[in-house]
Amino acid sequence: MDEPDEGEAAGGDGRIAIGSASAASGTLDRGRLSVAELPTGGAERLPVVVANGAEDGPTLWLTGGVHGDEATGVAVVQDAVAALGECLADLAGAVVAVPAVSPAGLRRNARETYYADEDPNRHFPDADAESARPPRLQERIDARLYAAITGEVPADAGKSADGSSESADDSREFAVETVGTNAAADALIDCHTAGVGSEPFAIRDRVLYGDRRSESEATALSEELGRLVDAFGLPVVREYPAAEYVEENLQRSTAGAVLNEAGIPAFTAELGAHSVVDDALLDAGVAGVFGVAVELGLLAAGDVPESVGAPGVGVDPAPVEFPVRRFRGPTTDDSGLVRHRVAAGDAFAEGDVLASVVDATGEERATVRADSDGYVLGRCEGLAVYEGDPIGSLAVRDDGDLVVPRDAEEE
């Protein structure tokens with residue numbers, strides 16, 4: 001059967017279309033979404049799947065593989081779609097899935113693509129972003145995917161650094177069109193992996209207010225987000241404080257842009273180590289997707305396939321009861337070889353020893369202690385450390401607000 005043209009009209013049968021995938025009510029279809037032309041001919045195409053329920057309802061987007069070596073995230077999206085195919089008659093709404101957001105990274109099994117040696121998950125639209133140069137390919141790809149997810153053209157497409165409209169000859173203008181029919185997201189789960197030996201967790205971003213939305217609107221959005229993150233079933237770790245969040249360009253990540261630019265509840269699931277599918281966390285990720293689907297009203301709890309476990313299946317709860325946020329550190333003031341004294345999942349108190357730094361003969365040079373209470377998410381990869389290097393990825397106590405002004409000072 002020939003694939004329909006991308007952007008083909010959906011018709012009057014409740015059809016949902018994205019790229020060449022087009023599914024009428026009660027059906028599932030697979031296709032491709034073209035996002036860039038390749039130098040040798042052909043196009044860079046993202047795999048897409050539309051699972052369109054028999055009844056109307058919200059649309060949940062699933063994305064994976066924005067970093068090309070994050071295998072478990074790709075598999076979670078694939079297996080969640082397969083399980084959804086078993087219950088289309090009970091599905092009230094739709095799920096749109098992009099299992100591999102970064103085919104160019106996946107082909108080389110690397111975090112970065114061969115377009116550029118930089119994080120591909122920091123280029124989604126941000127109307128406050130300023131640059132005198134033309135958008136690079138990754139920015140263009142991410143803008144096109146963002147338009148597909150949100151149903152909106154990014155506010156900064158065709159704009160100069162000062163926000164004014166430009167002619168076709170000016171540096172910031174590039175073609176972005178809305179993509180798809182009836183496919184805009186009501187929520188999004190972005191599936192990632194955190195690192196070797198890492199504990200699984202879900203990241204809850206802070207919701208920023210200011211030019212995009214009022215404080216009361218941000219509060220309502222944050223409450224909706226919290227409901228969905230909790231339904232996923234993994235331990236919840238809050239994102240960095242607002243100033244660090246913006247400094248790290250996390251508002252331009254997939255989930256960050258969909259949440260804080262478009263105002264659609266979106267979060268990131270971190271599912272262990274990269275490069276190899278972790279079967280236990282694969283099951284937990286699929287169960288989490290169905291937990292969110294139930295919370296959104298896409299499915300009744302009794303209609304979840306028997307093959308899918310309960311949210312949180314096989315995952316230990318957080319070892320602390322207080323709220324925590326992500327923290328990469330503490331850092332060492334001495335170069336040497338790091339010897340960790342705590343493992344992923346271990347709780348610690350302020351002042352506890354987390355690692356020692358030794359020289360190549362094994363003689364101890366420094367001790368690295370915790371700056372606050374929390375627990376270990378994972379160790380930083382590698383044996384050698386230099387002055388100022390972090391030694392781990394931690395979840396540390398967080399008493400900060402979940403709704404903050406975009407220009408907030410460091411908490």
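The values are calculated or read from the model by the stated rules, or taken from the named source; none is laboratory data. These figures come from a predicted structure and were not determined experimentally. Cβ atoms come from the backbone with ideal geometry, glycine included; neighbour counts cover every protein chain shown. Note: accessible area is taken over every heavy atom of the protein model, side chains too, but ligands, DNA and RNA are not part of it. Shrake-Rupley method; radii C 1.70, N 1.55, O 1.52, S 1.80 Å.
Quick notes
- Qualifying residue in the stretch 96-108 (condition: assigned to a loop (DSSP other than H, G, I, E, B), small (Gly, Ala, Ser) and either more than 19 Å from residue 287 (Cα to Cα) or in contact with a strand residue (DSSP E or B) (Cβ under 7 Å, 6 or more places away or on another chain) (or both)): yes
- Conditions (1) within 30 Å of residue 242 (Cα to Cα); (2) part of a loop (DSSP other than H, G, I, E, B); (3) open to solvent by 50 Å² or more (accessible area, probe 1.4 Å); (4) not aliphatic (A, V, I, L, M); number of the one not met by residue 361: (1)
- Scanning the stretch 244-261 for residues that are open to solvent by 30 Å² or more (accessible area, probe 1.4 Å), touching a residue at least 60 places away in the same chain (Cβ under 8 Å) and not in a loop (DSSP other than H, G, I, E, B) gives 244, 246.
- The single condition among (1) within 21 Å of residue 78 (Cα to Cα); (2) open to solvent by 10 Å² or more (accessible area, probe 1.4 Å); (3) part of a helix (DSSP H, G or I); (4) of a type outside the set (Lys, Arg) that residue 289 does not satisfy is (2).
- Unmet requirement for residue 327, which otherwise passes all of (1) in contact with a strand residue (DSSP E or B) (Cβ under 8 Å, 6 or more places away or on another chain); (2) of a type in the set (Phe, Trp, Tyr); (3) over 30 Å from residue 129 (Cβ atoms): (3)
- Residue that is surrounded by the fewest Cβ atoms within 10 Å (Cβ to Cβ) [pool: residues in the stretch 103-115 that are over 16 Å from residue 46 (Cβ atoms) and within 20 Å of the chain's Cα centre (by Cα)]: 109
- If you go through the stretch 335-358 and keep only what is open to solvent by 50 Å² or more (accessible area, probe 1.4 Å) and touching a Phe, Trp or Tyr at 6+ places or on another chain (Cβ under 9 Å), you end up with 346, 347.
Results for (1) open to solvent by less than 40 Å² (accessible area, probe 1.4 Å); (2) assigned to a loop (DSSP other than H, G, I, E, B); (3) closer than 30 Å to residue 274 by Cβ; (4) at pLDDT below 95, shown as yes or no for each residue.
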| position | (1), (2), (3), (4) |
| --- | --- |
| 142 | yes, no, yes, yes |
| 154 | yes, yes, yes, yes |
| 175 | no, yes, no, yes |
| 194 | no, yes, yes, yes |
